[in-house]
Amino acid sequence: MTVTAIIVAAGRGTRAGGDRPKQYQTLAGRPMLAHTLAAFMAHPRVDALVAVVHPEDDAFFTDVAGVLAAEVTPVRGGATRDASVMAGVDAVPGGTTRVLIHDGARPLVNADLIDRVIDALDTHPGAAPALPVTDALWRGAEGLVETPHPRDGLYRAQTPQGFRLDAIRAAHGAHPGGAADDVEVALAAGLSVAIVAGDEDNIKITHGPDFARAERVLRERDMDIRTGNGFDVHAFCEGDGVILCGVKVPHDKALKGHSDADVGMHAVTDAIYGALAEGDIGTHFPPSDPQWKGAASDIFLKHAVGRVAERGFRIANADLTLICERPKIGPVAGAMRTEMARLMGLDEDRISVKATTSERLGFTGREEGIAALATVTLVRP
């Protein structure tokens, strides 16, 4: 079995507005048609691609092909959609047994939907994705409702519509023209067409506002979510208090470290660097460098937060657990949250500071020091 995808992109798309056909207008940084073609190029079961292009759009298509840097066979479209599809069918490479006919203005098609169409062709000469109509339907005229219309058995058609090559070629050859889609052509020839589950995101861009909706879908698909963990330990030394999350907490000891030994802030900072895959505090502020001796830990935290912004991420939340017998964290946890939120530029409801003991076990149980464990989540839309 060899599958060729035929991307029909010869229309004018005037309802979308703009200074060029809609399939060549920019969507999330590149031409819409580039997104459509890339979806099929990336699919392991699609062996070849044919793009049906309007004769006046050669320069636009050359730009798209340059963006993709991949093999696509262009063919001139006809005066009607039927003629354009037949031009695509006639241009498929030898050995093709099945074709997927897809609208160039549906750039959000996903791999699972393509799989469903291809799989259905094992048992039917045609297959197409569709969504059942769930809204109430009316017939109307001149802005008024005339009568309700039953929605039972009604579907919203999508593409790609798949066919065994010989069957759809013969069906188009016998059809008088004017069909809304290739399923209509197939049914007129008596072919059985299976319905497979469509996808709400597989929209056809028709009007200007559809671009904004498609960009939202692409942002959600491309969202980069990363989680980093940080762990730090500092031993007690002589002193009259500890610095935790930027807050001086009265205690009969202090914490020993190269900087101010803010174990909580260090753990959060390392969690941020970890989510960015940029090492840890020591990577950016080597302890061998004397300029960092006794430095305030908010220097490290602010640097890490700055790296988040520079990399195009935002901090979704930070969760910190302090592990110690003493001092008691509960009375000052709120102040710690407030200070961490201020330093990180976040709302307090995105910062969690809590504490636990180690049940008198280990060095924290013996009150030899404090440990901290932090988790930070970053999101890049």
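Values in this text are rule-based calculations from the coordinates and carry no lab data. What you see is a predicted model, and the numbers here were worked out from it, not measured in a lab. A quick note on method: Cβ atoms are made from the backbone with ideal geometry, for glycine too, and the neighbour counts reach across all protein chains shown.
Is region 308-381 rounded, prolate or oblate when judged by the Cα gyration tensor, a ≥ b ≥ c being the square roots of its eigenvalues, rounded requiring a/c under 1.5 and prolate requiring a/b larger than b/c? Numbers along the way, then the final one.
Values: a/c = 3.40, a/b = 2.08, b/c = 1.64.
Judged from the Cα gyration tensor, region 308-381 comes out prolate (a/c at least 1.5, a/b above b/c).
More than 26 Å apart: what percent of Cα pairs in region 3-221 qualify? Walk me through the numbers before you get to the answer.
Numbers: 8396 of 23871 pairs.
Here the tail beyond 26 Å accounts for 35 percent of pairs.
Out of all Cα-Cα pairs in region 142-233, roughly what percent, to the nearest whole number, are more than 15 Å apart?
Working: 3179 of 4186 pairs.
Everything past 15 Å amounts to 76 percent.
In region 224-380, with Lys and Arg counted as +1 and Asp and Glu as -1 at Cβ, which of these residues, Ile323, Val305, Leu346, has the Cα nearest the positive end of the dipole, that is, farthest along it?
Projecting each Cα onto the dipole axis, the largest value belongs to Leu346.
List the residues of region 167-193 whose backbone N lies under 13 Å from a point placed 7 Å from the Cα of Asp90 along the Cα-to-Cβ direction.
173
Over region 1-145, calculate the relative contact order: mean separation of alpha carbon pairs under 8 Å at least 6 apart, over the residue count, as a percent.
31 percent.
Per the helix-only calculation at 222 nm, which mean residue ellipticity applies to the chain, given -39500 (n - 2.57) for every DSSP H run of n ≥ 4 and division by its residues, nearest 500 deg cm²/dmol? Don't skip to the end; give the middle numbers.
On the way: 12 runs with 120 residues, N = 381.
Theoretical 222 nm ellipticity from helices: -9000 deg cm²/dmol.
Take peptides 339-346, 353-360, 140-147 and line them up by average Cβ neighbours within 10 Å, highest first, as a rough protection proxy. Working shown, then result.
Working: 339-346: 18.2, 353-360: 15.2, 140-147: 7.6.
Top to bottom by mean Cβ count within 10 Å: 339-346, 353-360, 140-147.
Please work out the FRET efficiency for the pair Arg213 and Thr147, using the Cβ-Cβ distance as r and a Förster radius of 22 Å; give the result to the nearest 0.05.
On the way: r = 31 Å, r/R0 = 1.41.
E between Arg213 and Thr147, to the nearest 0.05, is 0.10.
Of the listed values (1) -0.54, -0.70, -1.16; (2) -0.30, -0.51, -1.38; (3) -0.37, -0.57, -1.34, grab the one calculated as log10 I(q)/I(0) by the Debye sum over Cα atoms at q = 0.07, 0.09, 0.15 Å⁻¹ from the structure here.
(1)
Assuming a ≥ b ≥ c are the square roots of the Cα gyration tensor eigenvalues, decide whether region 50-100 counts as rounded (a/c under 1.5), prolate (otherwise, with a/b larger than b/c) or oblate. Please list the in-between numbers first.
On the way: a/c = 2.88, a/b = 1.20, b/c = 2.40.
Oblate shape, in that a/c is at least 1.5 and b/c is the bigger or equal ratio.
So for the chain: antiparallel DSSP bridges make up what percent, rounded to the nearest 5?
DSSP beta bridges in the chain are roughly 60 percent antiparallel.
Cut-off under 16 Å on the C-alpha distance; same-chain residues fewer than 8 positions from Lys293 excluded. Which lysines are left, in chain and number order?
Straight-line reach from Lys293, under 16 Å: Lys256.
In the calculated pair distance distribution of region 224-380, what percentage of Cα-Cα distances lie above 26 Å?
Details: 2638 of 12246 pairs.
Summing the P(r) tail past 26 Å for region 224-380 gives 22 percent.
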